[in-house]
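Every number in this text was worked out from the coordinates using simple rules, so none of it is lab data. These figures come from a predicted structure and were not determined experimentally. In this analysis, Cβ positions are derived from the backbone assuming ideal geometry, glycine residues included, and neighbour counts consider all displayed protein chains.
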Amino acid sequence: MSLLKPDGSVAMGIATAALVVFIFKSQLPDNGVVHMTPPNDMNIDKARKKATWTSIGVLSAITLLTRDVNVYVLGGVVTAALDFNARHANASHQVTGQLVSGTEEPPGQLRVVSG
């Protein structure tokens, strides 16, 4: 049983979705920067994973506190959409815009990314 009334449930869901957007914005670079880096950059992928797991943790805590599944659904949809968006941007080639599987560099080479 939810602790929130229907109006409060929707408002809390929107607030949680905004919090998820803030988490992704604070832990990942802008999409323009991600599109201009080489495909499948491991640093961007690690930041994406960190933002996704942080969002899931915050979402779970808020859902447990409010006992409202609407909060989890709205926040979860936004988390999945932002995660997919970051994955797509990281997998696209900076010149052609096409998706690239794997890395184009030989294994064992280190790459310096400066921003």
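Applying 1/(1 + (r/R0)^6) with r as the Cβ-Cβ distance of residue 100 and residue 30 and R0 = 22 angstrom yields a FRET efficiency of 0.65. Across the range 6-91, the relative contact order, built from alpha-carbon pairs under 8 Å that are at least six residues apart, equals 49 percent.
Taken about its Cα centre, the range 4-67 carries a charge dipole of roughly 200 debye when the Cβ of each Lys and Arg holds +1 and the Cβ of each Asp and Glu holds -1.
Just the Cα atoms of the range 6-91, one point each, no solvent: what log10 I(q)/I(0) does Debye give at q = 0.17, 0.26 Å⁻¹? So the normalised log intensities work out to -0.64, -1.17.
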